Each structure stands twice: as C-alpha cells, then as structure tokens.
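Here is the structure we will look at.
The values are calculated or read from the model by the stated rules, or taken from the named source; none is laboratory data. Values in this document were obtained by computation on a predicted structure and should not be read as measured data. As a convention, Cβ positions derive from the backbone with ideal geometry for all residues, glycine included, and neighbour counts pool all protein chains shown.
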Amino acid sequence: MRSVKPQLVIQGVGLAVLGLTLASCGEGVLSPRGSVGADEVTILYDATVIMLAVIVPVIVLILVFAWWFRAGNTRARYLPDWEYSGQIEMIVWSIPALVIVFLGGIAWIGSHKLDPSQPIASPAAPLEVDVVSLDWKWLFIYPTQGVASVNRLVIEAGTPVRFRLTSASVMNSFFVPELGSQIYTMPGMTTQLNLRADQAGVFKGLSAQFSGDGFSDMGFEVAALPADQFAHWVETTKAQGRALDPRSYGRLAQPSKAVEPATYAPVAEGLFEDISTGRASTDRTFEQEH
C-alpha cells in the first residue's frame, strides 16, 4: 500500500475546515438577523475565547513537551521521584477555576438578559402570533389580524414579535436560527418567546425536535416584510375567504408531510386556547362528533 504524504493530509484537513467555515457564514446562528440572535452570537464568541485560554496553552505545551523530552535531547531532565509542587498545583487548578467562573457569569447574565418570555424593548407595539406544532407542519395564528398561515410565518421587519406556542401532538421545538432562541412546544402547555427581525428578508425556520415520520420536512419559511407589505399580505389573506374554524382545523390537524404553505381567514375566536388546553380535537372522530 502507498503511504499518504503528511502534506496531503494537512492540506485536506485545511480545505475541509475552510469549507465548513465558509458554509456557516451565509446563514444560521452565526449570521444573525435580529437583536436576540446577535446577543446569542456574542455569548457564543465570548465563551469560545474563554475556553481557548485553556485549549491553546494545552496544545502548545503538548508540542513543547514532546519536542523537549524527545529521545535525542540530552539536556532534558527526567525526575521519576518528583511528585508535588504547590506552585504548579496553584497554576493548574486556578486557570480552570477562572474559566468556570467566567463561563458561569456569562451564562447567568445571558440567561436573564435573553429570557424568552421577556419582551423586547421597542417603541412599536409587538406583533402577536400564536404557534401550533402539528404532525408535521406549523400553524401560525394572528389573533389581532384574524388570519392564519401554515408553514409560512410572515412578520413585520423591525417590530418585536410576541409568540405563544403549544403543540397539538407530541413535543416539538420551534427554531429560527437567524433570529435566535429555540423553544419547545408541548401539548397542554403554553410557552412564550419574543423575537425581532431587524431587517427585511426571508429566513429558514425548522423543527429542532424529532417528532416522527414527517420530521425531516417540518420546516417553514419566515418572511420579514416592511410595514406596508405586511399590511398588504394581511388584506390579501382576508380576501381569500378560507375560514379556520373547529371543523377545518380538525382536517388540518390530521398527520401530513411536506405540506405547502396556505393561509386562512377568518380564524375562529379562542381557537388557540382550545388547542392549548386540549379542547380542540385532532383525531378523525372530530368531524363525526360535529
């Protein structure tokens, strides 16, 4: 067998790392488009730098020790009976302790600053959106506007969005990487999340919790629009006249995969509360009972 040249291995690893780095720059958590996502990236970078304070010296010392204690170095002293040094112990334990203190401080401050239920300070009133995870699609209800959409979340750029989230099936996870803060949806429970897109654009949303056969297709589009375009979308949706009431919701809640985006208007009042408390049926007996 031919031996692989070390230079080729190094070049291959370097190209792989470079490719992964470039691939992560276009979108995702390292390319935030909102204030929450930007704060989370800052925490990620700070934590990485703090941990590098241990990782880099350890890597350097491994190389230094390997070079110094090589077989051909007659100046290296071998001390088999050496067993303790208070100064070395102080250094060895103080650095990890400081790392833990700094990381703990970042986690403590960040967990309070980025509390999902904490409203985002803004002169604009937040947009209310109710989120329901189904098998295997996402339902977005706009209670103030009286409209709803499936697998497409339309929001107003620059305006905070206040989410209420629940699940009509199994536990799931709502996540828009470029906006930040994934949060779980659970049946019989309502969670809260506040996000904001600081600029107009189209982002990818996904389910970050395995939930069955259709999980891989349980993605959705997030469209952050200027105020006039968002108002136009609401009016267009209302003009379509496809109502979301308990009967149509019962049909929508049936398991389905790779569902195309759709809109509804008007929306039955209190539908989200019925779903979150389990009063809205999602099985096939619903239509028979009604």
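Points worth noting:
- Contact map, segment 269-290: residues that are modelled with pLDDT of 50 or more paired with residues that are surrounded by 15 or more Cβ atoms within 10 Å (Cβ to Cβ) and part of a loop (DSSP other than H, G, I, E, B), Cβ distance under 6 Å, separation 6+ or inter-chain. Pairs shown: Asp274/Ala280; Ile275/Ala168; Ser276/Thr190; Thr282/Ala168; Thr282/Ala253.
- Condition check for Ala71: modelled with pLDDT under 90 and either surrounded by 10 or more Cβ atoms within 10 Å (Cβ to Cβ) or in contact with a helix residue (DSSP H, G or I) (Cβ under 8 Å, 6 or more places away or on another chain) (or both): no
- Asp213 being among the charged types (D, E, K, R) and in a helix (DSSP H, G or I): no
- Members of segment 249-276 found to be exposed (fewer than 14 other Cβ atoms within 10 Å of the Cβ), over 25 Å from the mean Cα position of the chain (by Cα) and closer than 23 Å to Met218 by Cα, listed by number: Arg251, Gln254
- Condition check for Ser211: crowded, with 21+ Cβ neighbours inside 10 Å, touching a residue at least 60 places away in the same chain (Cβ under 8 Å) and under 17 Å from Pro255 (Cα atoms): no
- If you filter segment 140-155 down to residues that are among the small types (Gly, Ala, Ser) and part of a strand (DSSP E or B), you find that the one that is farthest from Gly205 (Cα to Cα) is Ala148.
- Residues of segment 158-187 satisfying the condition of being more than 18 Å from Lys137 (Cα to Cα) and among the small types (Gly, Ala, Ser): Gly158, Gly180, Ser181
- Restricting attention to segment 179-193, the residues that are on the phi < 0 side of the Ramachandran plot, outside any strand (DSSP E or B) and within 8 Å of the chain's Cα centre (by Cα) total 2.
- Whenever a residue of segment 29-53 is closer than 23 Å to Gly205 by Cα, its partners that are among the hydrophobic types (A, V, I, L, M, F, W, C) and part of a helix (DSSP H, G or I), lying with C-beta atoms within less than 6 angstrom and at least six residues away or across chains, give the pairs Pro32/Ala38; Pro32/Val41; Ile43/Ile106.
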